[in-house]
Every structure is written in structure tokens, then in C-alpha cells.
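A.B. asks: Before we start, here is the structure in question, set down as C-alpha cells.
The values are calculated or read from the model by the stated rules, or taken from the named source; none is laboratory data. All values reported here derive from a predicted model rather than from experimental measurement. Here Cβ is always computed from backbone atoms with ideal geometry, including for glycine, and neighbour counts include all displayed protein chains. Please note that ligands, DNA and RNA were not included when accessible areas were found on the heavy atoms of the full protein model with its side chains. Shrake-Rupley method; radii C 1.70, N 1.55, O 1.52, S 1.80 Å.
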Amino acid sequence: SRVVKIGRHAAMELNCGRKAKLYEGDVIVGAFGSRYATNQYEGCVPQQMDHYHMLSQGAVLGQVVSADYSMGEPTVIEPVGFIDAGGGEVLNLRRFGLAAVEEQPVTVPVLLLLGTSMDAVKTTAAASLVRGLSRAGWNVHAGKLTGTGCAKDINHMRDAVARRVLDFTSFGFDSTASPGHTTLEF
């Protein structure tokens, strides 16, 4: 996709987690997906259009259908093509998701943090638990079950010394908003 007009997202997150500044005319690779973020954009993947919006700094692309008053205009992109997975098939993130494993009984303690919406300090609380339990000698792993693809929270857990961190992107989902007929099973 080509950047047509810089809006709210003036940078995009690279696969290494670093943010790269965007300029009009840049050609980027993103993933079409939905987003539901109460303090940011709500967006969907509409039928074919001439221009789309950048719904997140993680380059999830779609059409903004509502926005928090603080967000401003979205960055506008124009599609220039798709990545061919071979034989004319459009590449899909699900191809890179971890394979399902046979269900096994859980033999380790699991903590689950829940919050009412985004920015409810779930990640901060989780990272604090990861850090404290790691310093106490536990082998701690972390995960994020919902959201829109972005390495910020994953890196927060890594910085807190989680041994392994997975989220929905690890299973081939760019977002957990409106997954359609697919269920999210981890």
C-alpha cells in the first residue's frame, strides 16, 4: 500500500518493534483487519475501495467507522497490490500462526488479568507481576489474548523478563475484533 496522506499514525511499527516515520509516497506492507479500540479507532475491512485507513501503528488497515474525539484524521493509504503466497493466492497471516497442540492438563499456576477497556492498566499490572515473580525465582511466561497487533505490550512483558511471550498474532490473527466465523482458540 502507498501512503497518500499522513494522519494520526505518522509512524508504523516494524517487525523488530521499532517505529519508522512515514512519509507520503512510502510503500508499506500491512494487514487488512478490524479494530475496536474505545479510546482510538473502530474500523472494519470493507469491500474493495480506492483508499483505506491505517487503523493502528502496527499497520492494520481498513476503514475507520468511528473514532474517539482525540484521534484526529486517520492516515490514508491506497492499495497497490497484495503479496502472492503462490499460485495467485493472497498471503494471509494465518499461514504463519503456531500450530495447535493437543490439549494437555494444566500443571502450572495461571494468573489472568481482566479489565473493562483499553488503558485500564492491565499490561502494566501484568508486567509488574511478571517482574516480581521472575525476581522471586519463578519461570514466568506471558500472553495477551485480545487487541490489535502491536509489539508494545509484548515488548513490555519481555522487558519485565518473561521467558516467552505470545499473543493472538502468534496464532495468525492481526486483531481479535470481529474475527468473523473463525473462533480464537489458543
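A.B. asks: Given labels modelled 7 Å from the Cα in the Cβ direction, how far is it in nm from ALA11 to HIS51?
C.D. replies: Modelled inter-label distance: 2.5 nm.
A.B. asks: About its Cα centre, how strong a charge dipole does the chain have in debye, to the nearest 20, once Lys and Arg get +1 and Asp and Glu get -1 at the Cβ?
C.D. replies: 740
A.B. asks: If you don't mind, another one. Towards the positive end of the charge dipole of the chain, with charges on Cβ (+1 Lys, Arg; -1 Asp, Glu), say which of THR148, ALA67, PRO109 has the farthest Cα.
C.D. replies: PRO109
A.B. asks: If you don't mind, another one. In the full protein assembly as shown, how much of ILE83 is accessible to a 1.4 Å probe, in Å² to the nearest 10?
C.D. replies: Number for this one is 90 Å².
A.B. asks: At a probe radius of 1.4 Å, what is the per-residue accessible area of HIS51, in Å² to the nearest 10?
C.D. replies: Around 80 Å² of this residue is reachable by solvent.
A.B. asks: Moving on. Could you tell me which of rounded, prolate or oblate describes the range 1-66, using a ≥ b ≥ c as the square roots of the eigenvalues of the alpha-carbon gyration tensor, with rounded for a/c under 1.5 and, failing that, prolate when a/b is larger than b/c and oblate otherwise?
C.D. replies: Oblate.
A.B. asks: Roughly how many Å² is the accessible area per residue of the chain, as a whole number, for a 1.4 Å probe?
C.D. replies: Result: 65 Å² of accessible area for each residue.
A.B. asks: Just for the range 44-186, what percent of DSSP beta bridges are antiparallel, to the closest 5?
C.D. replies: Once the DSSP bridges in the range 44-186 are tallied, antiparallel ones form about 65 percent.
A.B. asks: Taking all protein chains as present, what is the carbon and sulfur share of the accessible area of the chain, in % to the nearest whole number, probe 1.4 Å? Intermediate results must be reported in sequence, preceding the final value.
C.D. replies: On the way: 6320 of 12160 Å².
Taking all protein chains in place, the chain shows 52 percent carbon and sulfur surface.
A.B. asks: Let me ask another. Quick one: putting +1 on the C-beta of Lys and Arg, -1 on the C-beta of Asp and Glu, what dipole do you get for the range 86-162 around its Cα centre, in Debye to the nearest 20?
C.D. replies: That gives a dipole near 240 debye.
A.B. asks: Rounded, prolate or oblate, given the Cα gyration tensor of the range 23-148, with a/c below 1.5 counting as rounded?
C.D. replies: oblate
A.B. asks: For the chain, which span is the longest to avoid every loop-located (per DSSP) member of GluC sites (Glu not before Pro) having at most 13 other Cβ atoms inside 10 Å?
C.D. replies: That would be 104-184.
A.B. asks: Rounded to the nearest 20 debye, what is the charge dipole size of the range 9-71 about its Cα centre when +1 sits on each Lys and Arg Cβ and -1 on each Asp and Glu Cβ?
C.D. replies: Working: 4 positive and 6 negative charges, 46 e Å.
Once rounded to the nearest 20, the dipole reads 220 debye.
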